[in-house]
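Accompanying notes for the structure given below.
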Amino acid sequence: MSTLIQAKDLEQKVAALFKAVGSSEQEAIQVASNLVLANLSGHDSHGVGMAPRYVDAVLEKSLMPNAHVKTLVDTGSMLGLDGQRGFGQNVGVQAMEMAFDRVKEHGSCIMSLSNAHHLGRIGNFAEMAVSRHWVSIHFVSVNSRPIVAPHGGSDGRFGTNPCCIGIPLGVGAATREPFVLDFATSMVAQGKMRVAHNEGRLVAPGTLIDEHGHPTNDPSVVVVPQSNGQMGALLPFGQHKGFGIAVACELLGGALSGGGTWHRQADGKRAVFNSMLTIVIDPARLGPDSSFAEESLAFVDWLKSSPPPQEHQSSGASKDKIPLGVTLAGEPERQTRAQRRKNGIPIDASTWQELVNAGKLVGVVV
Ligand code: NAD
C-alpha cells in the first residue's frame, strides 16, 4: 500500500529532518531535492527512504552537516579532494563544480573524492556534466558494510559499488537527450532490497544468497540480521564481468582516491561513505566535435532501428507498459520523471513510517 505525494511537499518534509540535525537551510533543501529527484527518476532505493539513515548517521556523529570539500592534491587537471564526511549531495556537487572549472581551463579533469557521505544517485553527477555537453565517467566505492559476495565466493565482502557513464548526444540544434548509464555492480541496488522488504515482495532468482551462502529470493536476508546473527549477500551482476567492474570501482574509487577499501567485518554503523574517481572530458577539446556528435547520433539511430523481437510484437507487450524496441540508458529515468512529476511519487507505508519515526527522533512532525 503506498501513498502518492507531490515532489515539492516531499522535499519540504524531508528537508525539515536535515535542518533539525544541523544542516543549513540551503544544504537541507539540496540534500532533500536530490533524494526526491531519485524518487522522481524511479530509483526509490536512493530516494527519501534514505533520509532516516542519514539522520541516524548525523546522530552517531559519523556524518557532518555543512561540510566543505578539502583539496589534498591540485596539479591543474587533476584534483584530489576529501569530502570531510559531509553530505554527499553537498560535497559531491562542490567537487563536481571544482572539476568543471578545470575542464574549462584544460579540456578535461581527473578528480577523486574520498570520505563523502552517501553520494546518492551517481547519475546526478553525470547529468550535471552532460548538461554542459561533457562526458563524465564515475567509479564509486561504498564503505558501509560488506553486502556483495565476490564471484566464486559465498559471503558479503564489499559494497554495491556503482559505476556511471554520461555521454552527451549530438550538438547544437541536433542535440538529443544524453546517454546516462548508472548502475550498482550488484544484481540490484541494496536499497531496492529494502524497498522490496518493506513492500513484502520476493525478488528475482539469482539476486541473493542467504546467510549460509545458499540461493534465496527473500530480500530480508540483506535487510535484517538472520537467525544466526549473520546477513546474506547480493550477487554481482554479469558473473565474472560485473564482478570485475565492482573490483575496479573499489580499486579506483576507494584505493586510488585515498578513501580506502573494505577489508573487515561489518561494524553496525548507520553511515554510508562513498569515494569516487571521476573523469570529465570536453569532447570539443579532444577532437573534431562535429565528428563525435555525428558519429554518436548515427550509432544510436542505428541501434534504435533494430526491430523488437517477434514475440514482443505479437504479444501486445506495450499495453502492459513493457517498452517495445531498443531503450537507451537514461530514457527510463526521464520517462518516470515525467510521469511522477504529474501524478506524484508513490511512498510505501513502511518508508513513510520510517520518515515519521525519524521526525519523532529529532522533534519534527513529518
Ligand atoms: P538499474 O538496475 O535500474 O539500472 C539503471 C541503469 O540502466 C540506468 O542507466 C537506466 O537508464 C538503464 N536502463 C534501465 N532499463 C533499461 C533498458 N530497458 N534498456 C537500456 N537501459 C536501461 O539501477 P541500479 O543498479 O538499481 O542502481 C540504481 C541507482 O542506485 C543508481 O542511480 C546508482 O547510482 C545508485 N547507487 C548508489 C550507490 C551509492 O553508494 N551511492 C550504490 C549503489 C547504487
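The values are calculated or read from the model by the stated rules, or taken from the named source; none is laboratory data. For clarity, every value in this text was computed on a predicted model and none was experimentally measured. Glycine also receives a Cβ, built like all others from the backbone with ideal geometry; neighbour counts cover every protein chain displayed. Ligands, DNA and RNA are excluded from the accessible area calculation, which covers all protein heavy atoms including side chains. Shrake-Rupley method; radii C 1.70, N 1.55, O 1.52, S 1.80 Å.
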Somewhere in the stretch 104-114, is a residue within 15 Å of the ligand (Cβ to nearest atom), of a type outside the set (D, E, K, R) and within 19 Å of Gly253 (Cβ to Cβ)?
yes
Give the stretch 197-223 a look and list any residue that's hydrophobic (A, V, I, L, M, F, W, C) and open to solvent by less than 30 Å² (accessible area, probe 1.4 Å), or say none.
Val203, Leu208, Ile209, Val221, Val222
I need the full set of residues from the stretch 313-332 which are modelled with pLDDT of 60 or more, within 12 Å of the ligand (Cβ to nearest atom) and of a type outside the set (D, E, K, R), in order please.
Pro323, Leu324, Gly325, Val326, Thr327, Leu328, Ala329, Gly330, Pro332
How many residues are over 24 Å from Gln190 (Cβ atoms) and assigned to a helix (DSSP H, G or I) if we restrict to the stretch 14-45?
9
Any idea how many residues of the stretch 147-202 are among the polar types (S, T, N, Q) and more than 12 Å from the ligand (Cβ to nearest atom)?
3
How many residues, within the stretch 321-361, are of a type in the set (Val, Ile, Thr), open to solvent by less than 60 Å² (accessible area, probe 1.4 Å) and not assigned by TED's automatic domain parsing to the domain that holds Ser136?
1
Residues of the stretch 224-251 being away from the ligand (no atom under 14 Å from the Cβ) and surrounded by 23 or more Cβ atoms within 10 Å (Cβ to Cβ), in sequence order, are Gly232, Ala233
Among residues of the stretch 257-286 being within 20 Å of the chain's Cα centre (by Cα) and not in a loop (DSSP other than H, G, I, E, B), the residue surrounded by the fewest Cβ atoms within 10 Å (Cβ to Cβ) is Ile279
So is Lys61 open to solvent by 40 Å² or more (accessible area, probe 1.4 Å) and in a helix (DSSP H, G or I) or not?
no
Within the bounds of the stretch 143-161, is there any residue that is open to solvent by 40 Å² or more (accessible area, probe 1.4 Å), acidic (Asp, Glu) and part of a strand (DSSP E or B)?
no
For the stretch 175-196 the number of residues that are under 24 Å from His151 (Cβ atoms) and open to solvent by 30 Å² or more (accessible area, probe 1.4 Å) is 8
Check on Asp44, of a type in the set (Asp, Glu) and over 17 Å from the mean Cα position of the chain (by Cα):
no
Residue check, Phe125 open to solvent by 10 Å² or more (accessible area, probe 1.4 Å), modelled with pLDDT of 95 or more, aromatic (Phe, Trp, Tyr) and outside the structural domain of Val224 (by TED's automatic domain parsing):
no
Taking the stated definitions as given, is Gly120 within 15 Å of the ligand (Cβ to nearest atom), in contact (Cβ under 8 Å) with a residue 60 or more places away in the chain and assigned to a helix (DSSP H, G or I)?
no
Residue under question is Glu199, and the condition is that it be within 14 Å of Ala149 (Cα to Cα) and of a type in the set (D, E, K, R); does it hold?
no
Of the conditions (1) part of a loop (DSSP other than H, G, I, E, B); (2) among the small types (Gly, Ala, Ser); (3) under 17 Å from Met276 (Cβ atoms), Gly206 satisfies every one except a single condition; which number is it?
(3)
